[in-house]
1. Do the alpha carbons of any pairs in Lys46/Lys109; Lys76/Lys132; Lys76/Lys102; Lys46/Lys132 sit beyond 23 Å of each other, and which pairs?
2. With 10 angstrom as the radius, rank Met39, Met151 by how many other C-beta atoms surround their C-beta, starting from the fewest.
3. So what does log10 I(q)/I(0) come out to for the stretch 53-171 at q = 0.09, 0.13, 0.20, 0.21 Å⁻¹, using the Debye formula with one equal point on every Cα and no solvent?
4. Which log10 I(q)/I(0) values, to two decimals, does the stretch 76-140 give at q = 0.16 Å⁻¹ under the Debye formula with one point per Cα?
Amino acid sequence: MKSVLEKMDRSSDDVPSLMPFIRVIGDLTSFEDWQLQEMLDLGVLKRLHRLISLRKQPLLVTSACWIFSNLYAGTKPQVLQCVQSPVFDEILALVLDEEIRKSREVWEKISWTALNAIQSSLEHDYYDIAFKPHVIRCLAFILNANTSEPMIDSAISSALYLCQFYQDNFNLSYSLDPTNIYAQFFYSNCATAIQVASQRSHHARALINNFFGPPES
C-alpha cells in the first residue's frame, strides 16, 4: 500500500499517470476495516485532497469520491476521520460549484458522496457536522435541485436528522431560537426546501409526516 501511495505522489497530475494508482487504491479500500485503517494511517486522505483539488479533471475527482466513499463505509472512528478531514469540506464545496454543476453526471456522483458521508456521520451520532455551514448549504442546494427522487429523499432524511438534533439540544420546534446561529441557518436554508421537495416525492412526504406528524386538517 505504501509503495502505491508513494508512486502516486511522484506521478504527474494527468489522468493517464494517476488512474492506475487510483484503481489499486480503490480496490484496496474495498476490503476489511483493518486495511481501511492502514490506508488512513498512510495518509490516503491527503492524496485524495490533492486529486479533488484538480477540478478540471472530472475523472480524477469522481475517482477520488469513489475511494472516499469506501473509506467512510468502515468503523465509526474511520467515518469520523473522513468527515473531519479537508477532503469532506472540499466535496461539500464541489456540490455548490457552478462549473461542476455543468456536468450533471459528475455533479450527481459528487453529491451522492457528500450525502452518504453526511448520513453515515449522523447514523454514527457524530453531530459536529451540524455546525458546518457547508453541510446545510449542500443539503439545501440538493433539495432545490432538479435531481432524482432518491437523492432528494436522502437529503431530506439527513436534514430531518439535523432538525431533530437542533430540537433536542436547543428546545426548538417550529419556533426559532435566535441565540443558536446554526439552527437559524438551518431553518432559513432548509425548512422551505424540505416542504418544496415533499411535493415532488411520495417517500419524502412520508418522511416528513413521520417526523412532524400528519398535517392538521
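Bear in mind these aren't lab numbers, they're just calculated from the coordinates by the rules spelled out. Not measured: the values here are computed from a predicted model. Every residue, glycine among them, receives a Cβ derived from its backbone with ideal geometry; neighbour counts consider all protein chains shown.
1. Pairs exceeding the cut-off: Lys76/Lys102.
2. Met151, Met39
3. One equal scatterer on each Cα of the stretch 53-171 leads to -0.22, -0.47, -1.11, -1.21.
4. -0.48
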